[in-house]
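Report on the following structure.
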Amino acid sequence: MAIYSVSFVVVVLLMLPLGFAQPISLHAPATVPIQSSIEGFVSADFNRDGKPDVAVLADGAILVFLGNGDGTFQPHVSFLTTGACLAAGDVNGDGKVDLIASGSAGNSVLLGNGDGTFAAPIQSAGGGCPFVVGDFSGDGKPDIAWISSSGLGIQLGDGQGHFSAAKMTEIINTFSLVAGDFNKDGKLDIAVALARSDTGAMGVLLGNGDGTFSSVRIYGPPQQQPGGIAAADFNQDGNLDLAMTAGVGFRTDQLTIYTFLGNGDGSFQPPLATPGGTNILIAGDLNGDGKPDLIAGESYLLGKGDGTFQAPVFIAQPSTSCVPSGTHAYCSYSNLAAAIADFNQDGLPDIAVATVQGLDSLNLLTQNYSLSVLLQGSGMPRFAATGVSAASFQEPVTTGSLASAFGSGLADMTASAQAPPWPTSLGGIQLRFRDYQGTVHLAPLLFVSPGQINYQVPPDIPDGVASITVDQPGAPVIESGQAIMVSYDGAPSLFTVNDQSLAAATAVRVHPNGTQTAVPVYACDAPSPCKAVPISVTGDPVILSLYGTGFEVDAVLLNYYAVCTVNSGTPIAPAYFGPQGQYPGLDQANLALPANLAGSGDITISCQFIGVVGGVGPTNSVHVTIQ
C-alpha cells in the first residue's frame, strides 16, 4: 500500500504555538535515600513548630523526618512498630499528632509527645490496609476504617489508643477508600474504588453515625484496573465530589481519572473523564487558584473548577542512574505516596513523594527507595509539561515520536525549522535529555518559543524516565528537575485541525485502472477554523489517511496488530499503520472506508494495537464527515 502525501496543515501545526495550562514552577527535588522498602508515608507537624514533617513506614519501623523549614529534613529517628499502612491523627485528644499503623497483623498506635518523639506502640487486634482515620461513631473519638479481602472493617477508638473488634461490611474486590460527609448530615461516609468490577468503578456507603453503614451504592462504568480515590469539591458548588482512577486494561499509564460530582445528598452524577492517573491520587490546591488539583502518581493535573482537569504534567525525577544489563532489562520508576505542604515556608505549596526506582530483568531485581521534596518557586523559567504528544497533548510519548513541551521562559525568540532533518539547535536553544543511564541526547527541534517547544523525542533514547533541560550556549535555561516518560510499548495519537477534533487527514479515490483522485476531507479558509467536507463512499473505494505520532511498538511485544474503530463499534484493519516517511516522527494510518458508512454523517475514528497480552491505546478519537 502506498504512503500518500502528508497534509500540509499537519506540518503547519507542528510549527505553531498552541495553548496549554498555566504551569506551576518546581525546582529539582532534594532526595533522601531510604534504606528499606517503603510501606507507608504521611506528612504532619509532629513537633508543633509550624514546619511540616514527614514519617515513613519502612520494614517494621517508622522513620520520622523533622522539617527544617527550608525543604530539607533533620536525620530521621526510628520507632519500631508493625503494620502495612500509615496515618496520622490526634487519637487521644491532647492536641499532639499521633501515628497509627495498621495491617493484617493488627493496629499500632504511637502517641505523640509533641516534640517529634513518640511513645511505645499500643497494640490492638484487627486492622487492614489501606485505612483511613475518622470519627465514624459520632462520639468525638477517632476510629479507623479499612478494607481487606473480607470487605470494609470499622474499629471504634476508645480515645486512648485502643480499637474495638472490627465490624465488617461485605464489599467484593475493594482497592482503595476515602472518607467524607457526602450527604451533609454530619456523619462520615466512605467511598471505595472497586477492583475487577463488572458493575461499576466506585462504591459509596453512607454512614449511620454509629459505626455502621448503608448498603453500597455503585457508580460509574465497569472496569478492571483499579486505582486511587480522593475527595474534594472539584466543581466548587459546595458539595463533596469524588475522583478516582480506573481502566479496562493492565497498563497503569493508560488509566482514566473519573470525577463523580456530588449532589449533596449522598448520590453522584455520571462520571466525567480525564486521561491519566495511577494508584496514587491526592487532592490539593497546587497553583493557588482555589480549584482542587490532583497529584496522580508521577504527574500532577491542574483542576479546571468544573470537575475536569488539564493534561497531566510529569514531575518524576530519577535520583540515580540505572544501567540495565541482560535480556529485556529496563528501569522502573514509581511514586508510592505523596503529600502537599509548604515545606520551605514561602507560602507556596510544595510536593513530597515517596519513590521506588528499580532495575528489572529476567535474572535481577534491585529497588532503591527515597523521599523527595519538589519545592515550588516563582518567577523562574519553568515547564508546564516536558513531554506530551504533539497530536493529543497527553502522556506518555515514545522514542522518535513528535512531542511538545510547554512552560514559561523556554526561549528568548520564536523560530521554526524549515525542513527535515530537524536541527538540534533552534532559536538559540537546545533541548537536552539525560536518560536513566546518564547518557545525554539532543532532541531534534521543529518549533521553539518562550511558551512552547515542539520536538522529536530523541530517536536513540532508551525507554524509561529521562530528565530534561533547556540549554542556551554556555548556560542552562532550566536546570534539570523536570522529566519525561518514554513509553516502552507504544502511545499512538492522532492529529486534528481544529478544537472539534476534526481529523488532520487526506483521502484519495482509487479507480479500477490504478489512478487516484484526491478527495477533500476538510477546508480551511482563514480566519475561520477548518471545517469538515463530507466524503462520498459510494463508487470506487476511498482510502482515508490519518496522521499521527507514536505508532511504534517495542519489538519485544510480539503478535500485535493495529485496528481502528468507527463510532466505537465497526472495526477497520488499516492497510498501512506506520511511519509517514517524509517527516521524521510523523506516522500515518491508511483506512479503506466501507461503502456501508454512506449517510453516516459525523463519525469518530480511533485506533489501537491489539495483542496477546492486552492492548496499546486507544488513540484520541478524531472526526470526519461521511456523505
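The values are calculated or read from the model by the stated rules, or taken from the named source; none is laboratory data. Predicted model, so just to flag it, every value in this text is computed and none were measured. As a convention, Cβ positions derive from the backbone with ideal geometry for all residues, glycine included, and neighbour counts pool all protein chains shown. Ligands, DNA and RNA are stripped out before the accessible areas are found, and what is left, the full protein with its side chains, is counted by its heavy atoms. Shrake-Rupley method; radii C 1.70, N 1.55, O 1.52, S 1.80 Å.
MET413 passes all but one of (1) open to solvent by 50 Å² or more (accessible area, probe 1.4 Å); (2) part of a strand (DSSP E or B); which number fails? Going through (1) open to solvent by 50 Å² or more (accessible area, probe 1.4 Å); (2) part of a strand (DSSP E or B) one by one, MET413 breaks only (2). Checked against the criterion of being open to solvent by less than 50 Å² (accessible area, probe 1.4 Å) and closer than 29 Å to ASN47 by Cβ, the range 204-215 contains not a single residue that satisfies it.
Within the set ASP181, ASP237, the sole residue that is modelled with pLDDT of 95 or more and surrounded by fewer than 16 Cβ atoms within 10 Å (Cβ to Cβ) turns out to be ASP237. Among residues of the range 63-75 being small (Gly, Ala, Ser) and not in a strand (DSSP E or B), the one that is surrounded by the fewest Cβ atoms within 10 Å (Cβ to Cβ) is GLY69. Listed by first and then second residue, the pairs with beta-carbon distance under 8 Å, at least 6 apart or on different chains, first residue in the range 35-51 and closer than 12 Å to ALA84 by Cβ, second of a type in the set (Asp, Glu) and at pLDDT below 95, are SER37/ASP59; GLU39/ASP59.
For the range 270-291, what are the residues that are out of contact with any helix residue (DSSP H, G or I) (no Cβ under 6 Å at 6 or more places or on another chain) and hydroxyl-bearing (Ser, Thr, Tyr)?
Step one: of the range 270-291, the residues out of contact with any helix residue (DSSP H, G or I) (no Cβ under 6 Å at 6 or more places or on another chain) are 270-277, 279-291.
Correct list: THR274 only.
Considering the range 94-110, the residues that are surrounded by fewer than 21 Cβ atoms within 10 Å (Cβ to Cβ) and modelled with pLDDT of 95 or more include one that is farthest from VAL32 (Cα to Cα), namely ASP94.
Looking at this structure, is VAL133 among the β-branched types (Val, Ile, Thr), within 28 Å of GLY238 (Cα to Cα), within 35 Å of the chain's Cα centre (by Cα) and open to solvent by 40 Å² or more (accessible area, probe 1.4 Å)? Answer is yes for this residue. Within the set of pairs 6+ apart or on separate chains, which have a first residue in the range 507-522 that is more than 20 Å from THR625 (Cβ to Cβ), a second that is among the hydroxyl-bearing types (Ser, Thr, Tyr) and in a strand (DSSP E or B), and C-beta atoms under 8 Å apart? Once the first residue is more than 20 Å from THR625 (Cβ to Cβ) and sits in the range 507-522, its partners that are among the hydroxyl-bearing types (Ser, Thr, Tyr) and in a strand (DSSP E or B) give HIS511/THR517.
Is it the case that the range 608-625 has a residue that's open to solvent by 10 Å² or more (accessible area, probe 1.4 Å), modelled with pLDDT of 90 or more and over 27 Å from the mean Cα position of the chain (by Cα)? Yes, the range 608-625 has at least one match.
Return the residue satisfying two criteria in turn: it lies in the range 184-203 and is of a type outside the set (A, V, I, L, M) and in a strand (DSSP E or B), and of such residues it is farthest from GLY303 (Cα to Cα).
Going through the range 184-203, the residues of a type outside the set (A, V, I, L, M) turn out to be 184-187, 189, 196-200, 203.
Next, from what is left, pick out any that are in a strand (DSSP E or B): 189, 197, 203.
Numbers: ASP189: 24, SER197: 27, GLY203: 23 Å.
The residue in question is SER197.
Contact map, the range 204-219: residues that are on the phi > 0 side of the Ramachandran plot and in a loop (DSSP other than H, G, I, E, B) paired with residues that are modelled with pLDDT of 95 or more and aliphatic (A, V, I, L, M), Cβ distance under 8 Å, separation 6+ or inter-chain. Pairs shown: GLY211/ILE154; GLY211/LEU156. Taking first residues from the range 55-78 that are in contact (Cβ under 8 Å) with a residue 60 or more places away in the chain and farther than 13 Å from GLN35 by Cβ and partners that are of a type in the set (Phe, Trp, Tyr) and open to solvent by 10 Å² or more (accessible area, probe 1.4 Å), the Cβ contacts under 6 Å between residues at least 6 apart in sequence or on separate chains come to PHE65/PHE73; GLY67/PHE73. Against the criterion of being of a type in the set (Val, Ile, Thr), assigned to a loop (DSSP other than H, G, I, E, B), surrounded by fewer than 21 Cβ atoms within 10 Å (Cβ to Cβ) and modelled with pLDDT under 90, VAL563 does not qualify.
Restricting attention to the range 457-469, the residues that are open to solvent by less than 30 Å² (accessible area, probe 1.4 Å) and in contact with a Ser or Thr (Cβ under 7 Å, 6 or more places away or on another chain) total 5.
For the range 165-203, a residue qualifies if it is without any contact (Cβ under 8 Å) to a residue 24 or more places away in the chain and closer than 15 Å to GLY127 by Cα, and exactly one does: MET168. Among strands (runs of 3 or more DSSP E) entirely within the range 269-381, having at least 1 residues that are modelled with pLDDT of 90 or more, of a type in the set (Val, Ile, Thr) and open to solvent by 30 Å² or more (accessible area, probe 1.4 Å) singles out 281-284, 330-341.
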